[in-house]
1. Where in the range 25-106 are there strands (runs of 3 or more DSSP E), lying wholly inside it, with at least 2 residues that are among the polar types (S, T, N, Q)?
2. Pull up the range 90-113, narrow it to residues that are at pLDDT below 90 and surrounded by 13 or more Cβ atoms within 10 Å (Cβ to Cβ), then point me to the one that is nearest to LYS135 (Cα to Cα).
3. Which of the residues belonging to the range 100-109 are farther than 12 Å from ALA83 by Cβ and not polar (S, T, N, Q)?
4. Against the definition (surrounded by fewer than 15 Cβ atoms within 10 Å (Cβ to Cβ) and within 17 Å of SER29 (Cα to Cα)), how does GLY81 come out, yes or no?
5. Any idea which residue in the range 40-54 is surrounded by the most Cβ atoms within 10 Å (Cβ to Cβ), counting only those that are closer than 18 Å to GLY68 by Cα and of a type in the set (Gly, Ala, Ser)?
6. Looking at VAL56, VAL62, which is the one that is farther than 12 Å from GLU129 by Cβ and free of Cβ contacts under 8 Å to residues at least 24 places away in the same chain?
7. For the list (1) within 14 Å of ASP30 (Cα to Cα); (2) within 12 Å of the chain's Cα centre (by Cα), I need the number of the one condition that VAL128 fails.
Amino acid sequence: MLPQLLLAVVTGLFGPAPQASGQLPMPLSDLQGEWVLLGTADAHRPEVGSVNIRMVIKGTQVTTTFFGKVTNEGTVTLGAGKALDMHFDNGAVVQGVYELRDNVLTMCFADAGQARPTGLAPTGAQWVETWKRAKP
């Protein structure tokens, strides 16, 4: 589980270009701001997050930090329904799904090259991350 958590922290999220008007698609605008990792889990066990693991989404750009040190930067791509893809600096693409409810962002991902999860409950090598908005 810890390697998956670190993979998620150290990687950037990649995404859609702003619309021609310069405005973000509505779901992406809802994800803007600073987030604190509450926890992560795989199919077998949960792991507690940390206030020192943060993610900032500004426009389509995402920056992740660990104890204040930037671990990665990138962009986020939202797709049909609740699809969310992350394109890492190393070229790997991880497919996921997300839910935003009451300033809590939950994302479930599959390892690079694996099929997108169908829900927020991880199976096999999938993992779920739960983030809380730091500044609502």
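The values are calculated or read from the model by the stated rules, or taken from the named source; none is laboratory data. The model shown is predicted, which means the values in this text are computed figures rather than measured ones. Cβ: placed from backbone, ideal geometry, glycine included. Neighbour counts: every protein chain shown.
1. 46-58, 61-66, 69-78
2. Among them, the one singled out is VAL94.
3. Listed by number, the residues that qualify are LEU100, ARG101, ASP102, VAL104, LEU105.
4. So GLY81 passes the test.
5. Selected residue: GLY49.
6. VAL56
7. The one condition VAL128 does not meet is (1).
Residues are listed down the side, and each one gets a yes or a no for (1) under 20 Å from LEU100 (Cα atoms); (2) at pLDDT 80 or above:
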| site | (1), (2) |
| --- | --- |
| ALA20 | no, no |
| ASP30 | yes, yes |
| THR60 | yes, yes |
| LYS69 | no, yes |
| ASN72 | no, yes |
| ALA80 | yes, yes |
